[in-house]
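Each reported figure results from applying straightforward, stated rules to the coordinates on display, with no laboratory input. These numbers come from a predicted model, not from an experiment. With ideal geometry, Cβ positions are generated from the backbone for all residues, glycine too; neighbour counts draw on all protein chains shown.
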């Protein structure tokens, strides 16, 4: 009695990930210029975006693995910390943590390669400004309001003449009173103004004329 054995062979598809072809070999940061430079083994195009809470700038390197570099470093200034990690098997992430109260100007973060023909060295220059809602400190002097006075005219000359005083003329129609001299004081009769001597006589009981 023969026994026939059947071997069952099951084929499982092999799962494989494409290894990244680029490696991050070096990075350096200049705190004074606030400039980050990265050096890659081959050309790739990084992706840059900004996250506000907490404020940080994120730089993703696609098809890139993290090389033998430092993964974290602290600084003083607007950029206080830089962190690097392998986000997934094909993406290396660089995070720039900003100081509290610092915002990034819209469309003002410049990321460009040193040479367009071989983009293996990239430079990131974020233009950072303080929060516009921050009120000025008490020690900040305010500008004094400027008052513009009209300039003094140089054409003015001192008036050395005496002011004119106008005396009204004497009334020539008023008759002058003639006084007699002592020689003929007794023979001159003063002239009196004539009065109207035609005064009507009103008898008793008659009405007064109007």
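Couple of notes before you dig in:
- Of all residues making up region 61-74, the number that are part of a strand (DSSP E or B) and touching a residue at least 12 places away in the same chain (Cβ under 8 Å): 7
- Among the residues listed as 123, 58, 95, 103, the single one being more than 30 Å from residue 18 (Cα to Cα) and in a strand (DSSP E or B): 103
- Selected residue (criterion: surrounded by the most Cβ atoms within 10 Å (Cβ to Cβ)) from residues of region 75-98 that are over 21 Å from residue 109 (Cβ atoms) and free of Cβ contacts under 8 Å to residues at least 60 places away in the same chain: 86
- Qualifying positions in region 36-55 - assigned to a strand (DSSP E or B) and either in contact with a helix residue (DSSP H, G or I) (Cβ under 8 Å, 6 or more places away or on another chain) or surrounded by 15 or more Cβ atoms within 10 Å (Cβ to Cβ) (or both): 36, 37, 38, 39, 40, 48, 50
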